[in-house]
Amino acid sequence: MAGAYLILLREGLEAALVVGVILAVLSRMGQMALARYVAMGIGAAMLCSVLFAFAAGGISDLFDGAGQEVLNGTILVLAALMITYVIVWMRRHHKQGMKAAISEEVHQRADGGGLGVFMLAFLSVFREGAESVLFLWGVSASSGESTAVVISGGLLGLATAVALAAALFKGGQRIPVKTFFNVTTVLLVFLAAGMLSRGIGYLVAVDWLPALIYTVWDTSALLSERGGLGGLLAILFGYNANPSLIEVLTYGGYLLLVVIWIRLRAINDAREAATATPTPAAGS
């Protein structure tokens, strides 16, 4: 439940912020008559997200035995890659000014009338919805939680996201949005590392990949990953009581690559800031 809650909390708040910016720009433009198209776009996106979830479930039902292992492994790897993409996308767009980018997009779409605004709202929300379906499937496959538990956690996260967004737009900048996204980004990095490692484990189970060493350690007697604290750590941080060597290398390698990327981005940001800072004139 914790993993599903985290995913829908972040994805839901991101979608709500985008919609809020769209409505704010329309208000400044004196085009609030187009707000109904925003509502229609949101409704259509939510409906398509639900249909996408049912279609994904139908595809899953077609697989059994070793096929289910392969499907779970593939979905987990894809979910981990998508989470990584979301992290990179958010990092770049927040730096460039996501609000300014959305505002420009709204101005362009509004010139095309209601259809343009409808499509902007639809695509913004459906992207988050489709990502959420994939991520929740990954959480279910990696944690072994029932569909009902995963959905319950997701709905709770979505409700929290809506409440936070409402408080944010009602009370201004009282909620530290930057801190929120920084903290959830760290948690998503570990969640993605765990999904990727678990996905590799599924592929090892069907002999698609070598285990290298089947059991590097076994701490199941001390801290089981099937429930309690161990289960929570397994969902949020990818804890595995008896991993194979390739799973350990995948987990550690992913985190190492993320740290290297963050460090390189920080160096690049520092260089850009130094270049943008005007040099004081001599004698001043």
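The values are calculated or read from the model by the stated rules, or taken from the named source; none is laboratory data. Because the structure is a prediction, the values reported are computed rather than measured. In this analysis, Cβ positions are derived from the backbone assuming ideal geometry, glycine residues included, and neighbour counts consider all displayed protein chains.
Just a yes or no: is a residue in segment 203-226 of a type outside the set (A, V, I, L, M), buried (at least 19 other Cβ atoms within 10 Å of the Cβ) and modelled with pLDDT of 90 or more? So far as segment 203-226 goes, no, none of its residues is of a type outside the set (A, V, I, L, M), buried (at least 19 other Cβ atoms within 10 Å of the Cβ) and modelled with pLDDT of 90 or more. I'd like to check something: does segment 173-183 contain any residue that is out of contact with any strand residue (DSSP E or B) (no Cβ under 9 Å at 6 or more places or on another chain) and modelled with pLDDT of 85 or more? Taking every residue of segment 173-183 in turn, none turns out to be out of contact with any strand residue (DSSP E or B) (no Cβ under 9 Å at 6 or more places or on another chain) and modelled with pLDDT of 85 or more.
Among the residues of segment 44-59, those that are surrounded by fewer than 18 Cβ atoms within 10 Å (Cβ to Cβ) and either outside any helix (DSSP H, G or I) or touching a Phe, Trp or Tyr at 6+ places or on another chain (Cβ under 9 Å) (or both) comprise 44, 46, 48, 52, 56, 57. Which residues, taken from segment 10-35, are among the small types (Gly, Ala, Ser) and under 15 Å from residue 129 (Cβ atoms)? Across segment 10-35, the qualifying residues are 12, 15, 16.
Looking only at residues of segment 227-256 that are surrounded by 15 or more Cβ atoms within 10 Å (Cβ to Cβ) and among the polar types (S, T, N, Q), we find that the one that is farthest from residue 190 (Cα to Cα) is 244.
Annotation note: of 219, 184, 215, the sole residue that is assigned to a loop (DSSP other than H, G, I, E, B) and touching a residue at least 24 places away in the same chain (Cβ under 8 Å) is 215. Considering only residues in segment 82-98 that are loosely packed, with under 15 Cβ neighbours inside 10 Å and modelled with pLDDT of 70 or more, the one that is nearest to residue 185 (Cα to Cα) turns out to be 88. Restricted to segment 105-158, and to residues there that are among the polar types (S, T, N, Q) and assigned to a helix (DSSP H, G or I), the residue that is surrounded by the most Cβ atoms within 10 Å (Cβ to Cβ) is 142.
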